[in-house]
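Quick note: the coordinates plus some simple rules give every number you see, no bench work behind them. Every value quoted in this text rests on a predicted model; they were computed, and no experiment measured them. As a convention, Cβ positions derive from the backbone with ideal geometry for all residues, glycine included, and neighbour counts pool all protein chains shown.
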């Protein structure tokens, strides 16, 4: 994750992201309190780089500007950072997000 200021203070949750969280809380509530899940969000909100284990990378094409990280092998977070605001866009499996 490249963030020049290393200090993201504000965040926005998209409607789809909120729905994704609701669905995840019903199907796998244990994930929402897992160390990996909370670590990713804490690091991002505080402007810190994600460890390589999360495979954080920029997307291209029609998703240029959006980043993708793997909280678990098939639990992917899509997010975007603009200035001091991070937008959490989607959360789901690869097939839910890209197929």
Would the stretch 10-98 count as rounded, prolate or oblate if I go by the C-alpha gyration tensor, calling it rounded below 1.5 in a/c and otherwise prolate when a/b exceeds b/c, oblate otherwise? rounded
In deg cm²/dmol, rounded to 500, what helix-only [θ] at 222 nm does the chain give when every DSSP H run of at least 4 residues adds -39500 (n - 2.57) and the total is split over its residues? -9000 deg cm²/dmol
If you count, for each residue, the other Cβ atoms within 10 Å and average over each peptide, how do 61-68, 23-30 line up from highest to lowest? 61-68, 23-30
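Could you rank the peptides 75-81, 92-98 by their average count of other C-beta atoms within 10 Å per residue, with the highest value first? Write out the running numbers ahead of the final one.
Values: 75-81: 21.0, 92-98: 13.9.
Ranked from most to least packed, the peptides come out as 75-81, 92-98.
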Normalised by the residues of the stretch 10-98, what does the relative contact order come to in percent, with Cα pairs under 8 Å and at least six apart? 30
So, R0 is 30 Å and r is the distance between the beta-carbons of residue 46 and residue 95; what FRET efficiency does that work out to, to 0.05? 0.45
For residue 27 and residue 87, compute 0.36 nm times the residue count separating them, minus their Cα-Cα distance, and round to one decimal in nm. 19.2 nm
